[in-house]
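Report on the following structure.
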Amino acid sequence: MDHPTLDSTLQRLHARIDWEKRGRHDMRVDVAPARDLLQRLGSPHRAWRAIHVAGTKGKGSVAAGIAAGLEASGLRTGLYTSPHVERIHERVRMSFAPIEDAPLASALTRTLDVREQAEAEGTPAGGASWFDLVTCAAFLAFAEANVDVAVVEVGLGGRLDSTNALIPELCVITNIDLEHTDVLGSTRAAIAGEKAGILKAGVDLVHGVTAVAGDDPRKAVEARAAELGIQVLHVPMNGTMHQDNARLARACLDRLGALGWTGSNGRPITSNALTDEVLAAHRLPGRAEFRSLAGVPVVLDGAHVPSSLARLMLELRGRATLPGTPQVVLAVARDKDASGLLKAMGTAVDRVFCTSLDSGIHLGADRLTDLAREARYDGVEEADPVRAVVRACDRAAARGGWVLVTGSLYLVGAVRAALDPPQPSSC
């Protein structure tokens with residue numbers, strides 16, 4: 001029998017509903033299809049140990065940090081994150097290498113086949129979405145690759161996310177902010193309740209959720225933990241975004257060691273494995289990623305929540321490698337707070353090149369330009385993302401500045417290949 005090609009398999013996959021690229025107001029949120037798929041696949045998620053990471057911001061970076069520390073301790077790791085920046089392979093990593101075509105095609109084909117069986121039999125997996133299928137295929141691929149442990153990032157929320165079919169040995173919640181309010185709830189406390197839905201009795205929680213007066217997500221998370229009778233470690237988040245993510249990842253490694261996890265040398269796992277060098281070598285694309293174009297520094301970051309962008313701007317301001325005033329290339333999905341993102345950039349911005357993507361979910365470049373001008377920025381409309389970056393770099397070169405590409409990881413993916421190779425950074 002011929003092995004399926006990745007192209008033909010992806011054609012089958014893309015016929016399924018992908019809520020990441022459609023409006024979320026009417027999306028189906030339900031973990032039952034993923035559970036049914038996994039059972040039909042032979043429960044591959046039980047073949048490896050799991051760590052489950054939720055949160056509004058930084059969950060991909062924290063997941064990558066935990067996986068990097070485990071890998072440095074001698075364990076073979078899987079890492080599942082979303083969305084991808086350029087290729088779907090980025091979502092499924094073995095020892096930090098993106099999955100290759102053949103195992104990805106094989107896992108997706110098996111998962112699609114059992115979905116069709118479920119559809120014929122009328123069980124929940126028959127209604128599996130794009131994300132359900134990719135998640136379960138990733139879990140199958142991890143089992144087939146014989147990983148020791150997989151660190152899995154939640155896609156959206158937690159309680160009803162496809163990844164919540166996991167049976168983890170540690171749960172992590174990075175932080176809580178207002179995002180996806182049409183799906184998760186209109187308050188931080190409500191959103192915290194959804195993200196705390198990943199908690200399981202007998203499974204410790206490490207979190208960095210900050211209390212907020214009048215709408216306290218930390219109280220909601222810890223109340224759910226108390227109901228389940230689980231141990232909680234709170235990690236104060238009072239540094240830069242990069243420092244907080246690293247601090248949380250290191251706390252998780254220490255907690256795993258305290259729970260009896262050992263590295264390949266038989267010694268307890270500790271945060272010592274996650275050195276700054278290891279952390280820098282295992283950063284995900286599009287997260288404070290330093291690139292360049294024709295000698296102009298370009299920073300790629302998919303920040304799409306105002307508080308995240310504000311912290312990013314604060315971290316980047318005044319860096320020796322980023323002289324002068326930034327030009328910003330911005331694209332924003334329709335369900336994001338575009339006005340809030342513009343406000344979060346502050347006043348130290350020269351020009352905002354407003355662009356868009358042919359995704360169906362992003363604001364048009366014209367509308368974003370109007371919003372930028374209403375916010376008193378020098379907004380320039382440029383519908384083509386790559387052309388927007390080129391124009392921003394030309395202006396930065398003439399004025400001695402740099403370029404920030406932000407607002408959407410999809411934007412990062414659209415322009416990344418046009419840039420020069422990545423440069424190391426301690427950001």
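The values are calculated or read from the model by the stated rules, or taken from the named source; none is laboratory data. All of these numbers come straight from a predicted model, not from anything done at the bench. Positions of Cβ are generated from backbone atoms using ideal geometry, with glycine treated the same way; all protein chains shown enter the neighbour counts. Keep in mind that these areas ignore ligands, DNA and RNA; they rest on the heavy atoms of the full protein, side chains included. Shrake-Rupley method; radii C 1.70, N 1.55, O 1.52, S 1.80 Å.
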Using the basic label-point model (7 angstrom from Cα toward the beta carbon), what is the Q39 to A417 distance in nanometres? 4.1
Report, in degrees rounded to the nearest 10, the 0 to 90 angle that the Cα long axis of helix 365-374 makes with the longest principal axis of the chain. 60
How large is the accessible surface per residue of the chain, computed with a 1.4 Å probe and reported in Å² as a whole number? 41
Percent of Cα-Cα pairs more than 18 Å apart in region 49-129, please. 55
Rounded to 10°, Cα long-axis angle of helix 241-258 versus longest principal axis of the chain: 20
Run a plain Debye calculation on region 274-407 (Cα atoms as equal point scatterers, no solvent) and give log10 I(q)/I(0) at q = 0.11, 0.14, 0.17 Å⁻¹, rounded to two decimals, same order as the q list. -0.36, -0.58, -0.86
Cα extents of the chain along the principal axes, largest first, in whole Å, come to 59, 47, 43
Between N146 and K219, what length in nm is gained on full extension when 0.36 nm per residue of separation is reduced by their alpha carbon distance? 22.4 nm
Between beta-carbons, use under 12 Å as the cut-off and find the net charge around D36, counting Lys and Arg +1, Asp and Glu -1. -1
GNM, the chain, Cα, under 10 Å: largest mean-square fluctuation among A68, A320, A47? A320
Taking only the alpha-carbon atoms of region 306-357, what semi-axes of the equivalent ellipsoid follow from 5 times the gyration tensor eigenvalues under a square root, in whole Å, largest first? 20, 13, 9
Whole-Hz Karplus ³J(HN,Hα) for region 352-360, in order, using 6.51 cos²θ - 1.76 cosθ + 1.60 and θ = phi - 60°, x for Gly and Pro? 10, 8, 8, 9, 7, 9, 7, 10, x
Under 5 Å from the placed amide H of R49, counting only residues 5+ away or on other chains, we find V149, A150
Across the chain, how many lysine pairs separated by 8 or more positions, or lying on different chains, have Cα atoms within less than 30 Å? 21
Over all Cα pairs of region 75-171, the Kirkwood radius sets Rh, and Rg/Rh then becomes 0.96
By the scheme Lys and Arg +1, Asp and Glu -1, what is the net charge of all other residues having a beta-carbon under 15 Å from that of H52? +4
Could you give the length gained by full extension between I167 and I230, i.e. 0.36 nm per residue of separation minus their alpha carbon distance, to one decimal place? 21.2 nm
Taking placed amide H atoms and a strict 5 Å upper bound, the residues 5 or more places from L404 or on another chain that come that close are V299, Q327, V328, V329
What are the ³J(HN,Hα) couplings of region 112-122, residue after residue, when phi is run through the Karplus curve with 6.51, -1.76, 1.60 and θ = phi - 60°? Round to Hz, x for glycine and proline. 5, 5, 6, 4, 5, 4, 5, 4, 5, 8, x
Against the longest principal axis of the chain, how steep is helix 130-144, in degrees 0 to 90 to the nearest 10, with axes from Cα atoms? 60
Mind ordering 296-304, 203-211 by average Cβ neighbours within 10 Å, highest first? 296-304, 203-211
Would you mind telling me the share, in percent, of accessible area of region 227-301 contributed by carbon and sulfur at probe 1.4 angstrom? 48
